[in-house]
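**Student:** Starting off with a structure, shown below.
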Amino acid sequence: MFNLILFGPPGSGKGTQSEKLVDKYGVVHLSTGNLLRAEIAGKTPLGLEAKSFIDKGQLVPDEVVIGMVDTYFEQHREARGFLFDGFPRTVAQAKALDKLLALKKTGIAAVLALEVNEEELVKRLLNRGKTSGRSDDTDEAVIRQRFSVYNNETSPVADHYKKARKFQSIQGMGTVDEIFGRLCAAIDKKMQQAEEA
Ligand code: B4P
């Protein structure tokens, strides 16, 4: 299996780039944001719980997210690899993912982190909020809260993967195609190294 994590702050292009990467590399897309929004749309108990956190710009509790990822894994046993988008977002989630992958006798090939400055992130998210109907994209105070959560709870995930020598920064400013080109170059190199190993 060839598994990748796309990492970065809210609005850094994870969802946008994931769609293109999944098309090109044939891996299964696991976006915890999309899974949570599907639960919210379905008005399930999990969705109702998640909505109360997302609307405030907070993270959904680890046990809820990890349980959801576990189920998704079971539903995609034949996957040749996964692209994790927006997961893991806490060190506890990263450790749970390590365990899940170890059970499958596999691991993470690379963590690609999109680097974008905060003003550009706010601009992108407010812009998306005009049409997406996403409650967490329309209020600048909620967007700033999401950055604060990212800095406090999600940034330590980077250290977890730096220690494991899996972490790589990617310039996330520019056009969608330029950034896609940078990601593909990094992935192709990793794939080549994996083949040679
Ligand atoms: P997510 O759905 O993961 O969303 P995100 O961080 O807002 O966005 P993403 O980075 O994917 O956005 P994109 O750039 O594609 O999370 C939403 C919420 O769910 C979280 O706040 C949290 O509450 C909860 N949640 C999710 N996962 C969780 C977890 N593991 N644990 C706990 N809670 C969790 O898009 C942004 C905009 O930028 C788009 O409009 C796009 O068109 C635009 N854009 C993209 N690239 C661009 C470029 N190069 N130039 C200009 N615009 C660009």
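**Student:** Within the chain, which is the longest segment containing none of the trypsin sites (Lys or Arg not before Pro) that sit in a DSSP loop and have at most 16 other Cβ atoms within 10 Å?
**Tutor:** 1-42
**Student:** Full-extension gain between Asp177 and Asp23, please, as 0.36 nm times their residue separation minus the C-alpha to C-alpha distance.
**Tutor:** 54.1 nm
**Student:** Tell me the label-point distance for the pair Gln145, Asn34, using the 7 Å Cα-to-Cβ offset, in nm and rounded to one decimal.
**Tutor:** The answer from the label model is 2.6 nm.
**Student:** For the stretch 191-196, what does the Karplus curve 6.51 cos²θ - 1.76 cosθ + 1.60, with θ = phi - 60°, yield as ³J(HN,Hα) per residue in whole Hz, taken in order and with x for Gly and Pro?
**Tutor:** 5, 4, 4, 5, 5, 6
**Student:** So, one more: How high is the relative contact order of the chain, in percent, counting Cα pairs under 8 Å that sit 6 or more residues apart?
**Tutor:** 32 percent
**Student:** Given a cut-off of 18 Å, name the pairs among Lys24/Lys130; Lys99/Lys166; Lys166/Lys190; Lys24/Lys189 whose C-alpha atoms lie farther apart than that in the structure shown.
**Tutor:** Pairs exceeding the cut-off: Lys24/Lys130.
**Student:** Could you tell me the relative contact order of the stretch 29-95? Use alpha-carbon pairs under 8 Å, at least six residues apart, and round to a whole percent.
**Tutor:** Value for the stretch 29-95: 44 percent.
**Student:** First check a/c for the stretch 1-80, with a ≥ b ≥ c the square roots of the eigenvalues of its C-alpha gyration tensor; if it is under 1.5, answer rounded, and if not, answer prolate when a/b is larger than b/c or oblate otherwise.
**Tutor:** oblate
**Student:** Normalise the Cα radius of gyration of the stretch 108-197 by 2.2 N^0.38 Å (N = residues in it) and let me know the number.
**Tutor:** 1.30
**Student:** Give the aspartates and glutamates reachable from Lys56 as a straight Cα distance under 16 Å; neighbours fewer than 8 places away on the same chain don't count.
**Tutor:** Filter leaves Asp136, Asp137, Asp139, Glu140, Glu153.
**Student:** Calculate how many DSSP beta bridges within the chain are antiparallel, expressed in % of all such bridges and rounded to the nearest 5.
**Tutor:** Among the beta bridges of the chain, antiparallel pairing accounts for roughly 0 percent.
**Student:** Report the gain in length on full extension from Lys99 to Leu126: 0.36 nm times residue separation, minus Cα-Cα distance, nm rounded to one decimal.
**Tutor:** That works out to 6.1 nm of additional length.
**Student:** Classify the chain as rounded, prolate or oblate from the Cα gyration tensor: take a ≥ b ≥ c as the square roots of its eigenvalues, call it rounded if a/c is under 1.5, otherwise prolate when a/b beats b/c and oblate if not.
**Tutor:** oblate
**Student:** Let me ask another. Find, among the chymotrypsin sites (Phe, Trp or Tyr not before Pro) in the stretch 4-57, those assigned to loop by DSSP (not H, G, I, E, B) with at most 11 other beta-carbon atoms within 10 angstrom.
**Tutor:** Here no chymotrypsin sites (Phe, Trp or Tyr not before Pro) fit, given the DSSP loop and packing criteria.
**Student:** Can you classify the stretch 92-132 as rounded, prolate or oblate using the Cα gyration tensor, where a ≥ b ≥ c are the square roots of its eigenvalues, rounded means a/c under 1.5, and otherwise it's prolate if a/b beats b/c and oblate if not?
**Tutor:** Judged from the Cα gyration tensor, the stretch 92-132 comes out prolate (a/c at least 1.5, a/b above b/c).
**Student:** Using 7 Å Cα-to-Cβ label points, what is the Met191/Ala164 separation (nm, one decimal)?
**Tutor:** Computed distance between label sites Met191 and Ala164 equals 2.1 nm.
**Student:** Which is farthest toward the positive dipole end of the chain among Pro156, Pro9, Leu48, measuring Cα position about the Cα centre, with Cβ charges +1 (Lys, Arg) and -1 (Asp, Glu)?
**Tutor:** Farthest along the dipole direction, towards plus: Pro156.
All of the numbers you see were taken from the coordinates with simple rules; none came from a lab. As the structure is a prediction and not an experimental result, all values here were calculated from the model. Here Cβ is always computed from backbone atoms with ideal geometry, including for glycine, and neighbour counts include all displayed protein chains.
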